[in-house]
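Colleague: Mind looking over this structure? Questions follow.
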Amino acid sequence: MPRMKRRMRSRRKVQPKLKGKQRGVQRRRITRTGRSRGRPNAVRYAAKKSSKSSLLSTADTYDSSHYRNAYHHNPIVSVIIPVLNERKTIRRVVLEARRIHPHTEVIIVSNGTTDGSDRLAERAGAKVLRYKQALGHDVGRKVGAEAARGSILLFIDGDMVLAAKQLQPFVQAIKNGADVALNQYSGPKQQRDIHPVVLAKHALNALLQHSELRGMSMTAVPHALSRSALQTIGVEHLATPPVAHAIALQKGLNVKACTYIPVGKLNMRRARSTAADPLKLVVDNDHMQAIRWLLEHTDRRGGLTDLNRQRQQVR
(Lines give C-alpha, C1' and ligand atoms only; values in the text may rest on other atoms or scores of the structure.)
Protein backbone atom coordinates (compact mmCIF):
# COMPACT_ATOMS: atom_id res chain seq x y z
CA MET A 1 0.00 0.00 0.00
CA PRO A 2 2.73 2.56 0.79
CA ARG A 3 4.33 1.82 -2.58
CA MET A 4 0.97 2.27 -4.38
CA LYS A 5 0.40 5.66 -2.71
CA ARG A 6 3.88 6.81 -3.68
CA ARG A 7 3.17 5.82 -7.32
CA MET A 8 -0.11 7.76 -7.35
CA ARG A 9 1.56 10.83 -5.90
CA SER A 10 4.33 10.60 -8.47
CA ARG A 11 1.78 10.47 -11.31
CA ARG A 12 0.07 13.60 -10.06
CA LYS A 13 3.36 15.40 -9.91
CA VAL A 14 4.17 14.44 -13.54
CA GLN A 15 1.07 16.35 -14.87
CA PRO A 16 2.14 19.96 -15.40
CA LYS A 17 0.09 22.72 -13.89
CA LEU A 18 -1.75 24.84 -16.47
CA LYS A 19 -1.25 28.56 -16.40
CA GLY A 20 -4.18 30.97 -16.34
CA LYS A 21 -4.29 31.53 -20.12
CA GLN A 22 -4.02 27.81 -20.86
CA ARG A 23 -6.83 27.01 -18.44
CA GLY A 24 -9.06 29.54 -20.25
CA VAL A 25 -8.34 27.92 -23.61
CA GLN A 26 -9.12 24.49 -22.18
CA ARG A 27 -12.43 25.72 -20.70
CA ARG A 28 -13.49 27.19 -24.06
CA ARG A 29 -12.74 23.91 -25.81
CA ILE A 30 -14.83 22.01 -23.29
CA THR A 31 -17.66 24.54 -23.65
CA ARG A 32 -17.71 24.16 -27.47
CA THR A 33 -18.10 20.40 -27.17
CA GLY A 34 -21.02 20.87 -24.78
CA ARG A 35 -19.48 18.92 -21.90
CA SER A 36 -19.07 21.89 -19.55
CA ARG A 37 -21.93 22.45 -17.12
CA GLY A 38 -24.09 20.04 -19.05
CA ARG A 39 -24.86 22.60 -21.78
CA PRO A 40 -27.69 21.22 -23.94
CA ASN A 41 -27.38 20.98 -27.72
CA ALA A 42 -30.32 23.38 -28.30
CA VAL A 43 -28.57 26.15 -26.39
CA ARG A 44 -25.34 25.60 -28.29
CA TYR A 45 -27.23 25.74 -31.62
CA ALA A 46 -29.01 28.98 -30.66
CA ALA A 47 -25.72 30.65 -29.73
CA LYS A 48 -24.13 29.50 -32.95
CA LYS A 49 -27.10 30.76 -34.99
CA SER A 50 -27.08 34.19 -33.35
CA SER A 51 -23.38 34.64 -34.03
CA LYS A 52 -23.86 33.64 -37.67
CA SER A 53 -26.58 36.23 -38.24
CA SER A 54 -24.07 38.99 -37.57
CA LEU A 55 -22.16 37.91 -40.68
CA LEU A 56 -24.85 39.40 -42.91
CA SER A 57 -23.24 42.79 -42.49
CA THR A 58 -19.93 41.64 -43.95
CA ALA A 59 -19.10 41.83 -47.64
CA ASP A 60 -18.53 38.27 -48.84
CA THR A 61 -20.02 36.00 -46.17
CA TYR A 62 -23.66 35.18 -46.88
CA ASP A 63 -26.19 32.52 -46.01
CA SER A 64 -28.99 32.89 -48.56
CA SER A 65 -31.63 31.44 -46.21
CA HIS A 66 -30.79 34.09 -43.58
CA TYR A 67 -30.94 36.75 -46.31
CA ARG A 68 -34.42 35.70 -47.43
CA ASN A 69 -35.75 35.62 -43.89
CA ALA A 70 -34.26 39.03 -43.09
CA TYR A 71 -35.13 41.09 -46.14
CA HIS A 72 -37.58 39.46 -48.53
CA HIS A 73 -40.64 40.01 -46.31
CA ASN A 74 -40.73 43.82 -46.59
CA PRO A 75 -38.23 45.00 -49.21
CA ILE A 76 -37.96 48.72 -49.93
CA VAL A 77 -35.67 48.42 -52.96
CA SER A 78 -36.05 45.76 -55.65
CA VAL A 79 -32.97 45.38 -57.86
CA ILE A 80 -33.90 43.66 -61.11
CA ILE A 81 -31.16 42.02 -63.16
CA PRO A 82 -31.77 40.10 -66.42
CA VAL A 83 -29.03 37.50 -66.88
CA LEU A 84 -27.85 35.43 -69.83
CA ASN A 85 -24.60 33.55 -69.14
CA GLU A 86 -22.88 36.13 -66.92
CA ARG A 87 -20.90 33.67 -64.79
CA LYS A 88 -17.79 35.87 -64.58
CA THR A 89 -19.55 38.86 -63.06
CA ILE A 90 -22.92 37.88 -61.61
CA ARG A 91 -21.79 37.09 -58.06
CA ARG A 92 -20.09 40.48 -57.64
CA VAL A 93 -23.09 42.23 -59.22
CA VAL A 94 -25.46 40.62 -56.72
CA LEU A 95 -23.23 41.36 -53.73
CA GLU A 96 -22.98 45.04 -54.67
CA ALA A 97 -26.73 45.23 -55.29
CA ARG A 98 -27.41 43.87 -51.81
CA ARG A 99 -25.40 46.70 -50.27
CA ILE A 100 -27.53 49.44 -51.83
CA HIS A 101 -30.09 49.51 -49.01
CA PRO A 102 -30.58 47.53 -45.76
CA HIS A 103 -33.94 46.23 -47.05
CA THR A 104 -33.19 45.10 -50.59
CA GLU A 105 -34.37 42.18 -52.65
CA VAL A 106 -32.32 41.18 -55.69
CA ILE A 107 -34.31 39.54 -58.47
CA ILE A 108 -32.42 37.65 -61.16
CA VAL A 109 -34.33 36.86 -64.35
CA SER A 110 -32.35 33.98 -65.80
CA ASN A 111 -33.45 33.76 -69.43
CA GLY A 112 -31.77 30.95 -71.29
CA THR A 113 -28.75 30.78 -68.97
CA THR A 114 -26.69 27.61 -69.39
CA ASP A 115 -23.40 28.43 -67.60
CA GLY A 116 -24.62 28.24 -63.99
CA SER A 117 -25.01 32.00 -63.52
CA ASP A 118 -28.42 31.41 -61.92
CA ARG A 119 -26.99 29.10 -59.27
CA LEU A 120 -24.17 31.52 -58.43
CA ALA A 121 -26.67 34.35 -58.05
CA GLU A 122 -28.86 32.24 -55.79
CA ARG A 123 -25.93 31.36 -53.53
CA ALA A 124 -25.11 35.07 -53.28
CA GLY A 125 -28.60 35.74 -51.93
CA ALA A 126 -30.71 36.61 -54.99
CA LYS A 127 -34.18 35.40 -55.86
CA VAL A 128 -33.94 33.67 -59.25
CA LEU A 129 -36.69 33.41 -61.86
CA ARG A 130 -35.67 30.76 -64.38
CA TYR A 131 -36.73 30.56 -68.03
CA LYS A 132 -35.33 27.97 -70.43
CA GLN A 133 -35.50 30.25 -73.45
CA ALA A 134 -33.84 33.64 -73.82
CA LEU A 135 -36.45 36.33 -73.24
CA GLY A 136 -34.26 39.31 -74.01
CA HIS A 137 -33.13 41.86 -71.43
CA ASP A 138 -36.12 44.16 -71.89
CA VAL A 139 -38.66 41.39 -71.41
CA GLY A 140 -36.56 40.20 -68.47
CA ARG A 141 -36.96 43.60 -66.81
CA LYS A 142 -40.70 43.44 -67.31
CA VAL A 143 -40.85 39.95 -65.76
CA GLY A 144 -38.68 41.06 -62.84
CA ALA A 145 -40.85 44.14 -62.24
CA GLU A 146 -43.95 41.94 -62.06
CA ALA A 147 -42.34 39.90 -59.28
CA ALA A 148 -40.85 42.91 -57.43
CA ARG A 149 -42.33 44.01 -54.10
CA GLY A 150 -40.22 47.05 -53.29
CA SER A 151 -41.47 50.62 -53.49
CA ILE A 152 -38.38 51.49 -55.56
CA LEU A 153 -37.33 49.45 -58.60
CA LEU A 154 -33.74 49.66 -59.81
CA PHE A 155 -32.73 48.09 -63.12
CA ILE A 156 -29.14 47.04 -63.83
CA ASP A 157 -27.34 44.47 -66.00
CA GLY A 158 -25.56 41.30 -64.95
CA ASP A 159 -22.38 41.91 -66.97
CA MET A 160 -21.47 45.30 -65.44
CA VAL A 161 -20.09 45.32 -61.90
CA LEU A 162 -21.14 48.67 -60.43
CA ALA A 163 -20.34 49.56 -56.84
CA ALA A 164 -23.23 50.12 -54.45
CA LYS A 165 -22.10 53.75 -54.04
CA GLN A 166 -22.60 54.27 -57.77
CA LEU A 167 -26.14 52.87 -57.62
CA GLN A 168 -27.39 54.46 -54.41
CA PRO A 169 -27.98 57.92 -56.02
CA PHE A 170 -30.71 56.39 -58.22
CA VAL A 171 -32.53 55.10 -55.16
CA GLN A 172 -32.03 58.39 -53.34
CA ALA A 173 -33.45 60.35 -56.28
CA ILE A 174 -36.70 58.36 -56.06
CA LYS A 175 -36.78 58.89 -52.29
CA ASN A 176 -36.43 62.63 -52.91
CA GLY A 177 -39.52 62.72 -55.10
CA ALA A 178 -38.49 61.72 -58.62
CA ASP A 179 -40.70 59.24 -60.45
CA VAL A 180 -37.98 58.12 -62.85
CA ALA A 181 -34.21 58.45 -62.28
CA LEU A 182 -32.11 58.14 -65.42
CA ASN A 183 -28.44 57.55 -66.12
CA GLN A 184 -26.97 60.83 -67.42
CA TYR A 185 -25.13 58.93 -70.15
CA SER A 186 -26.18 60.37 -73.55
CA GLY A 187 -23.80 58.53 -75.85
CA PRO A 188 -20.90 59.93 -77.89
CA LYS A 189 -21.87 62.91 -80.09
CA GLN A 190 -18.44 64.23 -81.04
CA GLN A 191 -17.84 61.57 -83.67
CA ARG A 192 -18.38 62.26 -87.35
CA ASP A 193 -20.80 59.35 -87.73
CA ILE A 194 -23.17 59.28 -84.76
CA HIS A 195 -24.40 55.84 -83.82
CA PRO A 196 -28.05 55.36 -84.92
CA VAL A 197 -29.11 54.33 -81.41
CA VAL A 198 -27.69 57.54 -79.93
CA LEU A 199 -29.42 59.57 -82.65
CA ALA A 200 -32.74 57.81 -82.00
CA LYS A 201 -32.61 58.67 -78.28
CA HIS A 202 -31.91 62.36 -78.96
CA ALA A 203 -34.66 62.49 -81.61
CA LEU A 204 -37.27 60.91 -79.34
CA ASN A 205 -36.57 63.34 -76.50
CA ALA A 206 -36.87 66.23 -78.97
CA LEU A 207 -40.23 64.92 -80.21
CA LEU A 208 -41.38 64.61 -76.59
CA GLN A 209 -40.35 68.28 -76.07
CA HIS A 210 -37.69 67.34 -73.56
CA SER A 211 -34.50 68.15 -75.44
CA GLU A 212 -32.80 68.90 -72.11
CA LEU A 213 -32.57 65.15 -71.56
CA ARG A 214 -30.37 64.87 -74.67
CA GLY A 215 -29.71 61.12 -75.17
CA MET A 216 -30.84 59.96 -71.72
CA SER A 217 -33.35 57.17 -71.89
CA MET A 218 -34.94 54.23 -70.10
CA THR A 219 -33.19 52.13 -72.71
CA ALA A 220 -29.94 52.59 -70.77
CA VAL A 221 -29.16 51.19 -67.35
CA PRO A 222 -28.98 51.91 -64.53
CA HIS A 223 -32.36 53.57 -64.08
CA ALA A 224 -34.93 53.51 -61.29
CA LEU A 225 -38.71 53.84 -60.99
CA SER A 226 -41.08 54.50 -58.14
CA ARG A 227 -43.94 52.08 -57.59
CA SER A 228 -46.46 54.76 -58.60
CA ALA A 229 -44.50 55.46 -61.81
CA LEU A 230 -44.61 51.77 -62.68
CA GLN A 231 -48.39 51.79 -62.31
CA THR A 232 -48.70 54.90 -64.48
CA ILE A 233 -46.45 53.56 -67.24
CA GLY A 234 -47.81 50.02 -67.10
CA VAL A 235 -45.51 47.10 -66.40
CA GLU A 236 -46.19 45.62 -69.85
CA HIS A 237 -44.51 48.62 -71.50
CA LEU A 238 -41.19 47.92 -69.80
CA ALA A 239 -40.64 45.30 -72.51
CA THR A 240 -40.19 48.25 -74.92
CA PRO A 241 -38.14 50.86 -73.02
CA PRO A 242 -38.55 53.78 -75.49
CA VAL A 243 -42.33 53.37 -75.24
CA ALA A 244 -42.13 53.38 -71.44
CA HIS A 245 -39.90 56.47 -71.70
CA ALA A 246 -42.42 58.23 -73.95
CA ILE A 247 -45.32 57.41 -71.63
CA ALA A 248 -43.46 58.71 -68.59
CA LEU A 249 -42.72 62.07 -70.22
CA GLN A 250 -46.05 62.46 -71.99
CA LYS A 251 -47.99 61.82 -68.79
CA GLY A 252 -45.97 64.39 -66.89
CA LEU A 253 -44.01 62.15 -64.56
CA ASN A 254 -41.05 63.69 -62.75
CA VAL A 255 -38.15 62.33 -64.82
CA LYS A 256 -34.75 63.30 -63.40
CA ALA A 257 -31.21 63.00 -64.70
CA CYS A 258 -29.47 61.27 -61.82
CA THR A 259 -25.78 60.46 -62.11
CA TYR A 260 -23.35 59.54 -64.87
CA ILE A 261 -22.42 55.90 -65.48
CA PRO A 262 -20.30 55.41 -68.66
CA VAL A 263 -22.08 52.31 -69.91
CA GLY A 264 -20.66 52.86 -73.39
CA LYS A 265 -17.14 52.17 -72.14
CA LEU A 266 -18.31 49.28 -70.00
CA ASN A 267 -19.89 47.65 -73.05
CA MET A 268 -16.90 48.20 -75.34
CA ARG A 269 -16.37 44.47 -75.86
CA ARG A 270 -19.76 44.28 -77.56
CA ALA A 271 -19.23 47.41 -79.61
CA ARG A 272 -15.98 46.08 -81.11
CA SER A 273 -17.74 43.23 -82.88
CA THR A 274 -17.32 43.41 -86.66
CA ALA A 275 -20.57 41.55 -87.34
CA ALA A 276 -23.85 43.34 -87.98
CA ASP A 277 -25.32 44.61 -84.73
CA PRO A 278 -28.78 43.04 -84.28
CA LEU A 279 -29.31 45.16 -81.16
CA LYS A 280 -29.26 48.33 -83.29
CA LEU A 281 -32.21 47.10 -85.35
CA VAL A 282 -34.16 46.19 -82.21
CA VAL A 283 -33.55 49.56 -80.55
CA ASP A 284 -34.42 51.47 -83.74
CA ASN A 285 -37.67 49.53 -84.05
CA ASP A 286 -38.45 50.19 -80.38
CA HIS A 287 -38.08 53.94 -80.96
CA MET A 288 -40.41 53.75 -83.95
CA GLN A 289 -42.97 52.09 -81.69
CA ALA A 290 -42.53 54.94 -79.20
CA ILE A 291 -43.22 57.52 -81.93
CA ARG A 292 -46.28 55.56 -83.01
CA TRP A 293 -47.56 55.54 -79.41
CA LEU A 294 -47.04 59.30 -79.22
CA LEU A 295 -48.98 59.95 -82.43
CA GLU A 296 -51.83 57.67 -81.36
CA HIS A 297 -52.20 59.42 -77.99
CA THR A 298 -51.80 63.02 -79.19
CA ASP A 299 -52.32 63.99 -82.84
CA ARG A 300 -50.57 63.59 -86.16
CA ARG A 301 -47.96 66.15 -85.11
CA GLY A 302 -47.29 64.51 -81.77
CA GLY A 303 -48.71 67.44 -79.84
CA LEU A 304 -46.43 69.98 -81.55
CA THR A 305 -47.95 73.17 -82.98
CA ASP A 306 -48.04 74.00 -86.68
CA LEU A 307 -46.47 77.39 -85.95
CA ASN A 308 -47.45 79.95 -88.64
CA ARG A 309 -47.91 77.55 -91.52
CA GLN A 310 -51.07 78.16 -93.60
CA ARG A 311 -51.61 74.74 -95.10
CA GLN A 312 -54.96 75.74 -96.64
CA GLN A 313 -53.00 77.89 -99.09
CA VAL A 314 -51.18 74.86 -100.46
CA ARG A 315 -52.85 73.14 -103.38
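The values are calculated or read from the model by the stated rules, or taken from the named source; none is laboratory data. Worth saying up front: this structure is predicted, and the values here are computed from it rather than measured. Backbone-built Cβ (ideal geometry, glycine too); neighbour counts: all protein chains shown. Note: areas computed on protein heavy atoms with side chains; ligands, DNA, RNA excluded. Shrake-Rupley method; radii C 1.70, N 1.55, O 1.52, S 1.80 Å.
Colleague: Modelling each spin label as a point 7 Å along the Cα-to-Cβ direction, I'd like the L266/E146 distance in nm, to one decimal.
Modeller: It is 2.7 nm.
Colleague: Quick one: pull the percentage of alpha-carbon pairs in the stretch 147-290 with a separation above 22 Å.
Modeller: Summing the P(r) of the stretch 147-290 above 22 Å gives 37 percent of all pairs.
Colleague: Tell me which residues come under 5 Å, amide H to amide H, from V128 once H is placed; ignore anything under 5 positions away on its chain.
Modeller: Residues meeting the amide H criterion: I108.
Colleague: Return the distance in nm (one decimal) between the two label points of a simple spin-label model at A206 and E122, each offset 7 Å from Cα along Cα→Cβ.
Modeller: 4.9
Colleague: Which whole-angstrom value gives the distance between the alpha carbon centres of the stretch 184-241 and the stretch 95-174?
Modeller: For the stretch 184-241 versus the stretch 95-174, the Cα centre distance is 20 Å.
Colleague: Let me ask you something else. Return, ordered by residue number, the residues of the stretch 185-202 whose backbone nitrogen is under 17 Å from a label point located 7 Å along Cα→Cβ of D284.
Modeller: Answer for the stretch 185-202: 193-202.
Colleague: For K251, give me every one of the aspartates and glutamates with a C-alpha distance below 13 angstrom, ignoring sequence neighbours fewer than eight places off in its own chain.
Modeller: List returned: D179.
Colleague: Give me the one-decimal nm value for the distance between modelled label points at H73 and H103, 7 Å along each residue's Cα-to-Cβ direction.
Modeller: 1.1
Colleague: Further, regarding this structure: If ligands, DNA and RNA are left out, what is the accessible area of T298 with a 1.4 Å probe, given in Å² to the nearest 10?
Modeller: Spelled out: T298, probe radius 1.4 Å, area about 50 Å².
Colleague: Of K165/K265; K132/K201; K88/K127; K88/K201; K256/K280, which sit over 21 Å apart, Cα to Cα?
Modeller: Over 21 Å Cα-Cα: K132/K201; K88/K201; K256/K280.
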